[in-house]
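Take a look at the structure below.
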């Protein structure tokens with residue numbers, strides 16, 4: 001089955017499952033996101049369960065259609081989880097009694113009258129994110145040099161990168177369409193030149209990647225921005241033995 005057929009099967013099974021009240025799908029699974037759907041799209045959804053009746057549906061997930069075609073399930077957080085079907089389609093879902101929904105990229109397929117919505121929380125300001133980036137980068141490089149390469153890689157390529165991407169989005173492409181929860185999603189559409197440079201850095205060894213991310217932040221964010229923590233960046237560069245040529249602060253306009 002394709003994703004649309006899985007979506008229809010999920011809705012039909014939810015209608016048949018006692019205790020299920022509402023079903024909401026997100027992202028490329030939703031109607032507005034259909035244009036982004038491709039062979040790698042998963043089925044992202046939330047199933048809400050009636051109060052006092054949620055133990056069994058949340059425990060064994062009878063709302064999942066065609067259980068004979070399931071090849072893997074795994075509990076993720078609370079009563080939600082993931083499910084992989086034999087045709088390669090992956091379900092990623094939350095389940096439980098109703099909570100406030102903040103994802104604007106959604107479609108309600110089944111409304112039991114228990115849904116409530118709010119706008120997503122605003123992201124932390126760019127000034128905070130660039131500081132978080134420098135701190136995570138500094139920690140990561142230190143752990144790599146200590147011999148903790150797994151932990152250090154995670155700090156550099158995940159935590160530092162995510163904070164840097166948020167700062168870059170806010171400073172260089174504040175009006176670009178985005179996922180409100182993950183600044184890395186569709187960064188290629190918002191900042192294609194920057195995304196290409198980040199991709200090359202991520203393909204390099206961890207110390208080269210960290211140094212490149214650091215230099216890129218100084219090149220693209222520091223010039224003309226009073227909130228860039230230049231003194232902290234200087235300390236980190238000195239401590240890590242990264243000489244900073246004048247070109248690092250020359251500034252380049254890149255989108």
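The values are calculated or read from the model by the stated rules, or taken from the named source; none is laboratory data. Keep in mind that what you see is a predicted model, and the values were worked out from it rather than measured. FYI the Cβ positions are ideal-geometry reconstructions off the backbone, even for glycines, and counts take in every protein chain you see.
Which residue out of 151, 158, 118, 173 is within 17 Å of the chain's Cα centre (by Cα) and either closer than 26 Å to residue 207 by Cβ or not assigned by TED's automatic domain parsing to the domain that holds residue 20 (or both)? Walk me through it before giving the result.
Details: 151 fails: within 17 Å of the chain's Cα centre (by Cα); 118 fails: within 17 Å of the chain's Cα centre (by Cα); 173 fails: within 17 Å of the chain's Cα centre (by Cα).
Exactly one of 151, 158, 118, 173 is within 17 Å of the chain's Cα centre (by Cα) and either closer than 26 Å to residue 207 by Cβ or not assigned by TED's automatic domain parsing to the domain that holds residue 20 (or both), namely 158.
For segment 238-250, indicate whether the set of residues that are at pLDDT 95 or above and within 26 Å of residue 40 (Cα to Cα) is non-empty.
Taking every residue of segment 238-250 in turn, none turns out to be at pLDDT 95 or above and within 26 Å of residue 40 (Cα to Cα).
Can residue 77 be described as out of contact with any helix residue (DSSP H, G or I) (no Cβ under 6 Å at 6 or more places or on another chain), surrounded by fewer than 19 Cβ atoms within 10 Å (Cβ to Cβ) and either at pLDDT below 90 or outside any strand (DSSP E or B) (or both)?
Working: out of contact with any helix residue (DSSP H, G or I) (no Cβ under 6 Å at 6 or more places or on another chain): yes; surrounded by fewer than 19 Cβ atoms within 10 Å (Cβ to Cβ): yes; either at pLDDT below 90 or outside any strand (DSSP E or B) (or both): yes.
Yes.
Within segment 84-100, how many residues turn out to be buried (at least 19 other Cβ atoms within 10 Å of the Cβ) and within 21 Å of the chain's Cα centre (by Cα)? I'd like the intermediate steps shown before the answer.
At the first step, the residues of segment 84-100 found to be buried (at least 19 other Cβ atoms within 10 Å of the Cβ) are 85, 89, 91, 93-95.
Filter again for within 21 Å of the chain's Cα centre (by Cα), leaving 89, 91, 93-95.
Within segment 84-100, residues that are buried (at least 19 other Cβ atoms within 10 Å of the Cβ) and within 21 Å of the chain's Cα centre (by Cα) number 5.
Please determine, by comparing only the residues of segment 80-92 that are assigned to a loop (DSSP other than H, G, I, E, B) and without any contact (Cβ under 8 Å) to a residue 60 or more places away in the chain, which one is nearest to residue 179 (Cα to Cα). Show your work before the answer.
Start the filter on segment 80-92 by keeping residues that are assigned to a loop (DSSP other than H, G, I, E, B), which leaves 80, 86-89.
Of the ones still in play, those that are also without any contact (Cβ under 8 Å) to a residue 60 or more places away in the chain are 80, 86, 88.
Working: 80: 21, 86: 29, 88: 25 Å.
Ranking the qualifying residues of segment 80-92, first place goes to 80.
If I filter segment 172-184 for residues that are assigned to a helix (DSSP H, G or I) and at pLDDT 95 or above, do I get at least one hit? If you could, list the steps in order and put the result at the bottom.
Just the residues of segment 172-184 that are assigned to a helix (DSSP H, G or I), to begin with: 172.
If we keep only those that are at pLDDT 95 or above too, we end up with 172.
The answer is yes, given that some residue of segment 172-184 is assigned to a helix (DSSP H, G or I) and at pLDDT 95 or above.
Could you say which residue among 62, 104 is farther than 29 Å from residue 123 by Cα and assigned to a loop (DSSP other than H, G, I, E, B)?
Numbers: 104 fails: farther than 29 Å from residue 123 by Cα.
It is 62.
Taking segment 158-187 as the search range and keeping residues that are surrounded by 14 or more Cβ atoms within 10 Å (Cβ to Cβ) and without any contact (Cβ under 8 Å) to a residue 12 or more places away in the chain, which one is farthest from residue 130 (Cα to Cα)?
By that ranking, first place goes to 186.
What do you reckon, is residue 95 in the same structural domain as residue 23 (by TED's automatic domain parsing), in a strand (DSSP E or B) and free of Cβ contacts under 8 Å to residues at least 24 places away in the same chain? Explain how you work it out, then say what you get.
Values: in the same structural domain as residue 23 (by TED's automatic domain parsing): yes; in a strand (DSSP E or B): yes; free of Cβ contacts under 8 Å to residues at least 24 places away in the same chain: no.
No: the conditions fail for residue 95.
May I ask you to list the residues in segment 103-120 that are touching a residue at least 24 places away in the same chain (Cβ under 8 Å) and out of contact with any helix residue (DSSP H, G or I) (no Cβ under 7 Å at 6 or more places or on another chain)? Can you show your working first?
First, pick out the residues of segment 103-120 that are touching a residue at least 24 places away in the same chain (Cβ under 8 Å): 103-115, 120.
Residues satisfying the conditions are 103, 104, 106, 108, 111, 112, 113, 114, 115, 120.
Return the pair list, or none, for Cβ contacts closer than 7 Å from residues in segment 216-238 that are in the same structural domain as residue 163 (by TED's automatic domain parsing) and surrounded by 13 or more Cβ atoms within 10 Å (Cβ to Cβ) to residues that are assigned to a helix (DSSP H, G or I) and at pLDDT below 95, at least 6 apart or on different chains.
218/248; 218/249; 219/248; 222/249; 223/249
If a residue must be surrounded by 16 or more Cβ atoms within 10 Å (Cβ to Cβ) and in a loop (DSSP other than H, G, I, E, B), how many such residues does segment 188-207 contain? Don't jump to the end; show me each part of the working.
Quick first cut of segment 188-207, residues surrounded by 16 or more Cβ atoms within 10 Å (Cβ to Cβ) only: 190-191, 194-195, 197-198, 201, 206-207.
Next, only the ones that are in a loop (DSSP other than H, G, I, E, B) stay: 191.
Result for segment 188-207: 1.
Please count how many residues of segment 5-35 are in contact with a helix residue (DSSP H, G or I) (Cβ under 8 Å, 6 or more places away or on another chain) and either surrounded by 13 or more Cβ atoms within 10 Å (Cβ to Cβ) or at pLDDT 95 or above (or both).
The number of residues fulfilling the criteria is 12.
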